[in-house]
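This report concerns only the one structure given below.
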Amino acid sequence: MRLKTRVIVNPESNKGRTRKRWGEIREGLRSFIREFKFEFTEKPLHATELARTAIKEGTELVIGVGGDGTMNEIANGFFEDRRIINPEAALGLVPAGTGCDLTKSLNIPPGLRDALKVITEAPSVRMDVGKVRFRTNAGAEEERFFLNVADFGLGGEVVREVAERRLQRKASSYVRCLITTMARYKNKRVRIRVDGRDLPDGEYLIGAVANGKIFGKGMKVAPDARLDDGLLDSVLVRGFRFLEFCRHGWKLMNGSHVTHPKVTVIRGSRVEAWPEGDEEVLLEFDGEQLGRLPATFEVIPRNLLVKGFLLPAGR
């Protein structure tokens, strides 16, 4: 039976290259999916509005064309009033962004035709969704869902730096911004509680609350995280200084950082984090810097239907 399909395209993803490639992407879609409607996003959070409207109109498969931020917005459109609108509606992903870390955890290949084969031939699997209540940059309280990784501390600062450099049309690679941000960054004093258990107070460099394994353009921050285990892997890095980070930071690429004595990994279904004093601790999730601590992270087990192949732990 043919699914009612809507394609939501972020034309500005991958530094505007998606707009230039749209003709090729559209023809690829037509080779695999004979009938579909498509819409371009025009502003921040527009993908959420488009996805929510499409699902209410009976769309059964929503395909996102873009990066992690685009997929986050679309996934938020699957929900209204904190509840999923149609549990049988599925999300398909066509990687077309500067960062497509979620697709790696879903074992979706980067090539267009291979990614479309996953959408049309792979089984639909149910993945966990993270929910975070946080303070926006303007100071209001807000709640959103995330698919892959939420991160407070250094990661929030790096993503803000990337966004600012893009606005200024400067070189904005994640690694470049990571190094320049780390050189001036001061560890933040943060209090953390996981499933009601208070962790030791201290200065933290990174606090990654991970549903998926990979963030930061390929860094395996939570190598044993699973998208369907009903848990969040909190990866907490304490007290690293710049030179120490230069010596050990490369370990994030293969996941071996988790054995370092200053790194703690703890699993749970609810994570609370708040700064001590007046510290501003920035928060990002799925590659978008949208707020700051205090924040509460929770997992909603196996809540979203997605086209992909979930990988076992450690892969």
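The values are calculated or read from the model by the stated rules, or taken from the named source; none is laboratory data. Fair warning: this is a prediction, and the values are worked out from it, not measured in the lab. Counting neighbours? That spans all protein chains shown, and the Cβs are built from the backbone with ideal geometry, glycine included. For the accessible areas, the whole protein counts, side chains as well, though only heavy atoms, and no ligand, DNA or RNA atoms are used. Shrake-Rupley method; radii C 1.70, N 1.55, O 1.52, S 1.80 Å.
Listed values, structure above:
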{"read-out": "Residue under evaluation residue 216, criteria (1) in contact with a Phe, Trp or Tyr (Cβ under 8 Å, 6 or more places away or on another chain); (2) more than 23 Å from residue 304 (Cβ to Cβ); (3) at pLDDT below 95; (4) not charged (D, E, K, R), criterion not met", "value": "(2)"}
{"read-out": "Residues (open to solvent by 10 Å² or more (accessible area, probe 1.4 Å), outside any strand (DSSP E or B) and of a type outside the set (A, V, I, L, M)) located in the range 77-98", "value": "81, 82, 86, 87, 88, 97, 98"}
{"read-out": "Residue that is nearest to residue 103 (Cα to Cα) [pool: residues in the range 216-236 that are of a type in the set (A, V, I, L, M, F, W, C) and either open to solvent by 10 Å² or more (accessible area, probe 1.4 Å) or in a loop (DSSP other than H, G, I, E, B) (or both)]", "value": "227"}
{"read-out": "Within the range 44-66, tally of residues that are among the polar types (S, T, N, Q) and within 16 Å of the chain's Cα centre (by Cα)", "value": "1"}
{"read-out": "Selection count, the range 1-23, where residues are at pLDDT 90 or above, within 22 Å of residue 90 (Cα to Cα) and out of contact with any strand residue (DSSP E or B) (no Cβ under 6 Å at 6 or more places or on another chain)", "value": "1"}
{"read-out": "Any hit, the range 289-298, residues being farther than 23 Å from residue 99 by Cβ, at pLDDT 90 or above, open to solvent by less than 50 Å² (accessible area, probe 1.4 Å) and polar (S, T, N, Q)", "value": "yes"}
{"read-out": "Any chance residue 162 is under 14 Å from the mean Cα position of the chain (by Cα) and either at pLDDT 95 or above or farther than 19 Å from residue 238 by Cβ (or both)", "value": "no"}
{"read-out": "Selection status of residue 305, without any contact (Cβ under 8 Å) to a residue 12 or more places away in the chain, open to solvent by 10 Å² or more (accessible area, probe 1.4 Å) and among the aliphatic types (A, V, I, L, M)", "value": "no"}
{"read-out": "Exclusive hit being open to solvent by less than 50 Å² (accessible area, probe 1.4 Å) and out of contact with any helix residue (DSSP H, G or I) (no Cβ under 6 Å at 6 or more places or on another chain), set 134, 145", "value": "134"}
{"read-out": "Residues of the range 74-94 classified as closer than 19 Å to residue 44 by Cβ and among the hydrophobic types (A, V, I, L, M, F, W, C), total", "value": "4"}
{"read-out": "Options 290, 252; residue that is in contact (Cβ under 8 Å) with a residue 12 or more places away in the chain, among the hydrophobic types (A, V, I, L, M, F, W, C) and under 21 Å from residue 79 (Cα atoms)", "value": "290"}
